[in-house]
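These notes are about the structure you will find just below.
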Amino acid sequence: MKNHKGKIQMGIVIGIFSVIIITCLISIFSRMYTENKEKEEFRQLAEIVTEETTEATIEETIKKPNLLKVSDSDDEFQTEQPVYCTTYYEPHSISELISMNSECFGWISISGTNINYPVMHTPSNPQKYLNKNFYGEYSYSGTPFLGARCSADSANLIIYGHHMNNGTMFADLCNYTDYSYFTEHPTVVLETKDGVFAYSVFSVMRVKSDDEWYKFLTTDLDKTYEKWVSYAKSKSLYDTGISPVYGQQILTLSTCYGCNQDDRILVLAVRN
């Protein structure tokens, strides 16, 4: 009798665990399906607004003060050499995006990564697109958005995006912790109604969600600007050799990093 009761209890325990496992699997596969569905929706949106032309380019000159260039002689070096780069990007019709949704600020992309999305801006409702797609419908992935306190002419444009498990949204920003990834993806392209602008990555920081950097939006003082740049470079995971100067706009991309919900990765880039 005791043995029979033990078997019943064991069966109940196994049944409970089976239900839990099945529920978890359903949840995981449901989330994967949703993330991939939303990924496809953004791909279709990009297809709609991508202009029918060949890839465009932005010619840019980046000066790295600490760069060494080997000359014909093995023991001779020339410093202060500018680096000439050509940035490739797919041009998007920002006017069409704005006509589809007036809350669209522009389009952000980094060649060779999954980052290729519209950017929203809702000053009166700061986190509206945290869980909404471009069309304003509920979305687990959300849509990248510009900080509510920022404007097009802010000294520091802060754009937020989720870190999705399937590698979409701003997940690729975490790869910038590796210096070689930075060298392969040094430029961020931002398209707005005012034009197309290339930004060169100059700092990569691991911070908390309440880091001082989020307070930097604008300044009319060169000394204050220099102080913020010095702060960003001192906290950078590595030296990029690029130092913004007063008057150059900074672009900050922010996403979650690691398991702690307060950890963030920031990729800072300066407008060329």
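We did not get these values from a lab; they are worked out from the coordinates using the rules stated. From a predicted model like this one, the values you see are computed outputs, not experimental measurements. Positions of Cβ are backbone-derived with ideal geometry, glycine not excepted, and every protein chain shown enters the neighbour counts.
A few points about this structure:
- Residue pairs exceeding 18 angstrom between C-alpha atoms, taken from Lys37/Lys128; Lys215/Lys235; Lys37/Lys193; Lys208/Lys233: Lys37/Lys128; Lys37/Lys193.
- Segment 92-271, dipole about Cα centre (Lys/Arg Cβ +1, Asp/Glu Cβ -1), debye to the nearest 20: 240
- Listed peptides 113-123, 215-225 by packing density, highest first (mean Cβ within 10 Å): 113-123, 215-225
- Farthest toward positive dipole pole in segment 161-272 [+1 Lys/Arg, -1 Asp/Glu at C-beta], among Ser180, Ala232, Gly161: Ala232
- Calculated Rg and Dmax of segment 126-245 using C-alpha coordinates, Å: 15.3, 44
- Ranked by the mean number of other Cβ atoms within 10 Å per residue, highest first, peptides 179-187, 126-134, 40-48 order as 126-134, 179-187, 40-48.
- Pairwise label distance in nanometres, Tyr238 with Thr177, each label 7 Å out on the Cα-Cβ vector: 1.4
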